[in-house]
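The structure appears right after this line, and notes come after that.
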């Protein structure tokens, strides 16, 4: 079994809340180095997660021959630049969402991945147990023909999110809310949170053919969007809706998939609820079979475990790979265009999900 020696580029909120804790659940895996701008964060995270080395120079991780796997945990516009450098240096790559805010960059990343043998996980939240278990239900034909789906991913905004991160980082306040800065973030809530909703829909229902979207700014101090709603047409004929935003103080992470024989519902808790007819004879007088699926014992509990498993098998992730990430990037960019031009926008990339 290959021993993973990981370097993380980026020492902000996502490294503190997700990468470092989840990597501790991966067997035969050590985080050797953390790269970031703020020395105080580097020192706190290295102490809390037993990381032996830190650096201000991202290139140090790329050049370190001990490191064979790199997690990219930087702001959106820097993802592809450092992801490609890691691939070219012979490292396996875990790419934080979203892949990119540019189709040219997304295309370049897919090409670089195809030209090398390293395992690249490029869409983390498509490899969570909710999505993988739902796909099993659909593939087993328990839901019949899929007709529609819906998903929402939203929270109270970067400032609310970082209130919890401050405790991990031992900071009294956050002066680094780059999410609101259009020059640093490039895109708003759609790419930050909407990527989860879109990825869940693509992962469960399939590739998207077209999208109609409306974006607006309701309450946040930014010229970027803080709220978005979308209608999706899937390649298989089903329809979907996706909503996202930074103005949901109660927080929402959920999706549901509806078919001719039943439905499946995923909520924030680690479980799925499914309802379906026990036979192909759909009769409203017959009781639906109701199942509650406990996902706490699912073989893959997080995307870092999935990444490691794919590395050790010498394969690309079947679902959360670079090509799927490019497809999701195109959907998000098309949503921006749809809202701006007040029309439906076709998706050009094609993708086989099932």
Single residue of 98, 77 found to be touching a helix residue (DSSP H, G or I) at 6+ places or on another chain (Cβ under 8 Å), assigned to a loop (DSSP other than H, G, I, E, B) and within 23 Å of residue 190 (Cβ to Cβ): 98
Residue count, the range 1-20 (criterion: closer than 16 Å to residue 300 by Cα and assigned to a loop (DSSP other than H, G, I, E, B)): 0
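Looking for whichever is assigned to a helix (DSSP H, G or I), more than 18 Å from the chain's Cα centre (by Cα) and buried (at least 22 other Cβ atoms within 10 Å of the Cβ) here; the options are 67, 61, 84. Which one fits?
That would be 61, the only listed residue that is assigned to a helix (DSSP H, G or I), more than 18 Å from the chain's Cα centre (by Cα) and buried (at least 22 other Cβ atoms within 10 Å of the Cβ).
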Identity of the residue in the range 302-327, touching a residue at least 24 places away in the same chain (Cβ under 8 Å) and surrounded by fewer than 17 Cβ atoms within 10 Å (Cβ to Cβ), that ends up farthest from residue 268 (Cα to Cα): 314
Of all residues in the range 21-42 being part of a helix (DSSP H, G or I) and touching a strand residue (DSSP E or B) at 6+ places or on another chain (Cβ under 7 Å), the one that is nearest to residue 96 (Cα to Cα): 23
Of the criteria (1) under 20 Å from residue 134 (Cα atoms); (2) outside any strand (DSSP E or B), which one residue 167 fails: (1)
The lone exception for residue 347 - which of (1) loosely packed, with under 12 Cβ neighbours inside 10 Å; (2) in contact (Cβ under 8 Å) with a residue 12 or more places away in the chain; (3) more than 30 Å from residue 26 (Cβ to Cβ) it fails: (1)
Within the range 231-319, strands (runs of 3 or more DSSP E) holding 1 or more residues that are in the same structural domain as residue 149 (by TED's automatic domain parsing) and closer than 15 Å to residue 201 by Cβ: 239-245, 252-259, 262-266
Filtered residues of the range 118-160 (kept if surrounded by fewer than 17 Cβ atoms within 10 Å (Cβ to Cβ), in contact (Cβ under 8 Å) with a residue 12 or more places away in the chain and either in a helix (DSSP H, G or I) or in the same structural domain as residue 89 (by TED's automatic domain parsing) (or both)): 139, 159, 160
Matching residues, the range 320-347, being in contact with a strand residue (DSSP E or B) (Cβ under 8 Å, 6 or more places away or on another chain), over 20 Å from residue 91 (Cβ atoms) and outside any helix (DSSP H, G or I): 343, 344, 345, 346, 347
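The values are calculated or read from the model by the stated rules, or taken from the named source; none is laboratory data. Every value quoted in this text rests on a predicted model; they were computed, and no experiment measured them. Ideal geometry is used to build each Cβ from the backbone, glycine not excepted, and the neighbour counts take in all protein chains shown.
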